[in-house]
1. Write down the Kirkwood hydrodynamic radius of the chain, to one decimal in angstroms, obtained as one divided by the mean of 1/r over all alpha carbon pairs.
2. If you average the sequence gap of Cα pairs under 8 Å that are 6 or more apart and divide by the length of the chain, what percent do you get for the contact order?
3. Select from GLY125, LEU198, LEU162 the residue farthest towards the positive end of the dipole of region 100-220; place +1 on Cβ of Lys and Arg, -1 on Cβ of Asp and Glu, and compute about the Cα centre.
4. How do 160-172, 52-64 rank on mean C-beta neighbours within 10 Å, highest first?
5. Relative to the Cα centre, what is the charge dipole magnitude of region 135-255, using +1 at the beta carbon of each Lys and Arg, -1 at the beta carbon of each Asp and Glu, and rounding to the nearest 20 debye?
6. If I take R0 = 41 Å and measure r between the Cβ atoms of ILE166 and ILE54 in this structure, what FRET efficiency does the formula 1/(1 + (r/R0)^6) give, to the nearest 0.05?
7. Expressed as cubic angstrom per residue, what is the convex hull volume of the alpha carbon set of region 154-235?
8. Shape verdict for region 65-161, please, from the Cα gyration tensor: rounded (a/c under 1.5), prolate (a/b greater than b/c) or oblate.
Amino acid sequence: MSFPLQEGQHYGSSRGLVAARQSTLIKMTTESGVVGYGEAFGPPVVIASIIQEIQHLYIGKEVSQVPNLTGKLMNMFYHTASKGLMLCALSGVEIASYDAFGKILNVPVYNLLGGKARDRFKLYGSTGYITESKSLHTLKEQVERVKSLNLQAIKIKVGTSLQEDIARVKVVREHYPEVQLMIDINGNYTADLAIKSLENLEKYNIYWVEEPVPPYDYSGFKKIKQAFPSILLTTGEAEYTRYGFREIIQEAMVDIIQPDVTKCGGLHEAKAICMMAQTNNIRISPHIWGGVVGRAAAIQLMAATPHYPHSLAEPEAMLFEYDLGKNALRDQVGLANFQIDAGWLRVGDAPGLGVEIDEEKLTYYQVRREAVK
C-alpha cells in the first residue's frame, strides 16, 4: 500500500523526508475461510516479491505452527534473513498467522502471547517531524495539536544541526512547558555531536533521546550514557531479532528498547526481545510507524508484556508511540479495537488483532507493479 503525500507536505526526520507513507499488508486465508492480516515494513513491491518466493513454504501448515516456522526460515535463509527486507516479509506473514489463530480460537492475540498483563498505555504524540520548509510555525502547530488532544508526552525530531535542535526544543517548551519531552535524532550524529547537543538541551528537561547515534555505534551509546546518566537513551527501530538486540541489552547501552514487530521477526520474536530486556531490567516501548495492522500488533504485544519487576503498582506507565503524521494507511483502511481517552489508550478484547479491514480502501491504496518505474 502507498499513501502519497502532496507536494510541499513531505515530512520525515534528520535522515530525510518521505514522499509517501508505505507498508505491505499481508492477507492469509485458512482452508476454513478465516482471514488473518499482517503488516511488513518496507517497500511494498519488494516485500510482495519476497513473499511470492516463499509463500509455498506456508501452504498446508497450521497457523499455530507459523511462529516456529518463521524461526526455521530465519535459520534456513540466514544469509538474507538476519536483517533487512526478508525479515520484514517474514514478520508480516507471522503477524497474519497470529491474527488468524486468534480469530479461530475467538480470543485476542494477547491471550496467545501469555495473557493480558495491562489494559492501557500512556500515549506520547510522535510528531514534530522535519518538513520541507523546516518551518518552526509548522512545529508549533504540531505541538498545539498534541496539547489539544490532551496528550501529556511528545516526541519531536531533531538532529539537523545543533542550532536547530535548540530552536525546535524551545518551541515545545514555549507552547507546552509541562509536557514530557522526548527527542529523536534518528542516528544522524556522531557521539561528540550528540553530546554537544545534549549539553545545550539538558536544561529543557529532556526525558529521553532516541537514536542519538546510528544503531551500530555501540561505543557511541556508551559515551553518551556516561556523559548524561539522567537522560534516558532509547534505540531499536532499526534492529532485528533477539540476536541483534542481545549486546545492546546485555551491555545496558540504553534504558528503553524499541523493537518494531513489523520488521524484527514478528510477534513471537518481539516477545522474546521484550523478555530479554526485562531479564536485564530494561524497559520497553515498541516503535510504531506503520499502518493500522502494524499498530494493532504492537498493542497486542504491549498488552501481553509483564509488569516486571513491579507487582502492586507500575511506577512508570508503558509509553505508546501515537504517530500523528498524516497517514491514510493507518487511519482509513481499517478500524482497530481500542479506545483513546485523556491521553491513554485502552486495549480492546476483539478476537485476533482486533482489526476490521476495508477491502475497498485497500484496493484504492494498492501499489501496482506496472505503476512503479
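1. Numbers: mean 1/r = 0.0477 Å⁻¹.
One decimal place: 20.9 Å for the Kirkwood radius.
2. On the way: 751 pairs, mean separation 81.2, N = 373.
Averaging sequence separation for qualifying contacts and normalising by length gives 22 percent for the chain.
3. Ranked along the dipole, the leading option is GLY125.
4. Values: 160-172: 17.5, 52-64: 12.4.
Descending packing order for the listed peptides: 160-172, 52-64.
5. Numbers: 15 positive and 18 negative charges, 40 e Å.
Roughly 200 debye, rounded to the nearest 20.
6. Values: r = 48 Å, r/R0 = 1.17.
Once the sixth-power term is evaluated, E becomes 0.30.
7. Numbers: hull volume 6.0 nm³, N = 82.
Expressed per residue, the convex hull around the Cα atoms of region 154-235 is 73 Å³.
8. Numbers: a/c = 3.72, a/b = 1.62, b/c = 2.30.
Oblate, since a/c reaches 1.5 and b/c is not below a/b.
Rule-based calculations on the coordinates, nothing more; no lab input. What you are looking at is a predicted structure, and each value in this text was computed from that prediction instead of being measured. Note that each Cβ is placed from the backbone with ideal geometry, even for glycine, and that neighbours are counted across all protein chains shown.
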